[in-house]
1. Calculate the FRET efficiency for R365 and A462 from the Cβ-Cβ distance with a Förster distance of 60 Å, rounded to the nearest 0.05.
2. Could you give each residue of segment 111-124 its phi-based ³J(HN,Hα) in whole Hz, using Karplus coefficients 6.51, -1.76, 1.60 with θ = phi - 60°, and x for Gly or Pro?
3. Using the alpha-carbon centroid of each, what span in Å lies between segment 1-72 and segment 119-152?
4. List the lysines whose alpha-carbon lies under 25 Å from that of K503, not counting same-chain residues fewer than 8 positions away?
5. With each label point set 7 Å from Cα along the Cα-Cβ vector, what nm distance links R340 and R438?
6. Run the numbers on the chain and let me know its relative contact order in percent, using alpha-carbon pairs under 8 Å that are six or more apart.
7. Just name one of M268, V198, A339: the one whose Cα is farthest towards the positive end of the charge dipole of the chain (beta-carbon charges, Lys/Arg +1, Asp/Glu -1).
8. If you place +1 on the Cβ of every Lys and Arg and -1 on the Cβ of every Asp and Glu, how big does the dipole about the Cα centre of the chain come out, in debye to the nearest 20?
Amino acid sequence: MCGIVGYTGLRQAGPVLLDGLRRLEYRGYDSAGIALVTDDGDLFVEKRAGKVANLEDALAGDPPSAGIGLGHTRWATHGRPSDLNAHPHSDCTGRITVVHNGIVENFRELRGELAAHGHSLKSETDTEVVAHLVEDAYKGDLADAVRAALRRLEGAYALVVMHRDEPERLVGARFNAPLIVGVGDGESFLASDAAAIVAYTKKVIFLADGDVADLLPGKVTITDRDGNAIQRVIDIIPWSAEAAEKGGYPHFMLKEIHEQPTALTSAMAGRVRGETICLEELDPIRERLADIDRVEMIACGTAYFASLVGSSLMQDWLGVSARSTVASEFRYSPPPIDARTLVVAVTQSGETADTIAAARLAGDRGALVVAVTNTVGSAITREAHASVFLQAGPEVAVAATKTFVAQVLTLVLLTAEVSRQLGRRTLEQEHELVKELRLLPAKAARAIELSSVAEEMATRYADAVGFMYIGRAFGYPAALEGALKIKEISYLHAEGYAAGELKHGPISLLDADVPLVAVATRSVVYEKLISNLMEGQARDARVIAVATEGDENIAKLATDVLWVPDTAEPLSPILAVIPLQLFAYHMAVARGRDVDQPRNLAKSVTVE
Ligand code: AGP
């Protein structure tokens, strides 16, 4: 949602904060700002609507000399994007400054109360009330004042507060929004995620909800909101700063598409052993897994599409009822849930508010909750009885790519493991699957190679007014994901549809300006899919087929073909999505879009 970074130590804080903000910009880019307590003892604040580049222009490359500061990049919720609403926000005295990610739900009530007590609030944001609450509570100890202010807040927050008169101290707090502490040698950091600080330290503390972190250079004290001391372990970030850089690619999205063979290899690391699959993460919940009689998957966006593959497989391989539900809808019509229900929450960031809320509801009703996430230490891991990590490395582009394929693969592994434990699949079936899994990274690399035609194709399709994407069975989630990629980064309408539904309405949209993209890889539904493809062709639509290498039939039917290698059907969405990602990428480039930071979006959505 928003990105936060804070620093206290011997370095120049300004460049550390700007570097962190650039790395966090994927979280929001409506505005950016920093505050510093300068070496002269002044509180310096600069903030600008728009991207971090605007802030850098305003600073003219020369922030004042300071060893402490905080910074923020915003995805607007309360108050339109503007210089005034940009963070940091300050109190009446101009000594206290705050950055915040989340939503203060009772901010209207607090605003009224603060105004009645003579406070002057300048912005339209919910965040500004925090600065004024701290001002009211301040009696010479910033951490005490922050704790007092927190006790008044309802809603979600990750925040960092700084006081001009305590020029080495930062206080951070989290509740339902991510915040980590970076532990350095003679320096300390706070950040929304590790990407902002990994260039300086790999030692981090994942704060839990309700934690308050009191930072001095090289010293971190953690308490709860009442001031009781809390011990938290230090974790080591397993990737380097370079992993979160473009590495010579023009965009993060292109880099991450090319990282997919490696991401698939990593997702299998330690889990595909010899001829079998073993997820040790499930060991603590084996007994409960043995009893499950139903599976519910919850997720949003791309993760939801990946979960469709997972629930379909769970139903098939486990022989129990399984379904996927968009997390934001799950709570409004929750299914019957009890101790025998396995709930799988799929989320790249592990911070998506809708998914966390749905997982919490499921947990409260007694379900066995498993998180499938890319982010160690994220909020979803605290809601879950077990967490299976994607091991895909950091994904920076707002449009998810490598984490989709890692999610599908991880769900296949999870399903294979559980179905074997329940005795629903034979060892021979598992050996067959493992054989295919071992070939998958090389096949993904081949799919990338075969998709080189997507660049030229995009120039021919850049004038389309919209797209219809269709697929059946395992091709359906790939079609949905392909359409989402076009929408997100090209700003063109693209509808993902179950191919059989085309004739029940959306076929009326097809014409020469609305191409049909059909996921028509080898499968049991291939012939039916071909019929749907021909229905589109008969309506003058240009047809792009994603097809299995060697399928001579399809080249005669489609205007263009994006080839992928053959694989086992449950793994087919992993390969089918690759040309669709590249087609969407090149469409966005051809249409001059901001590929990595598309308008109105943010990578992790920590509000409901
Ligand atoms: C996909 O390109 C988007 N970034 C979005 O749909 C995303 O998948 C969704 O917001 C869920 O995020 P999560 O996986 O971090 O929960």
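1. Efficiency at R0 = 60 Å is approximately 0.80.
2. Here the 3J(HN,Hα) series is 4, x, 4, 5, 4, 5, 8, x, 6, 10, 9, 9, 9, 9 Hz.
3. 21 Å
4. K485, K487, K528, K556
5. Between R340 and R438, the simple spin-label model gives 3.8 nm.
6. In percent, rounded to a whole number, it is 12.
7. A339
8. Around 640 debye, computed over the chain.
Every number in this text was worked out from the coordinates using simple rules, so none of it is lab data. Worth saying up front: this structure is predicted, and the values here are computed from it rather than measured. Cβ: placed from backbone, ideal geometry, glycine included. Neighbour counts: every protein chain shown.
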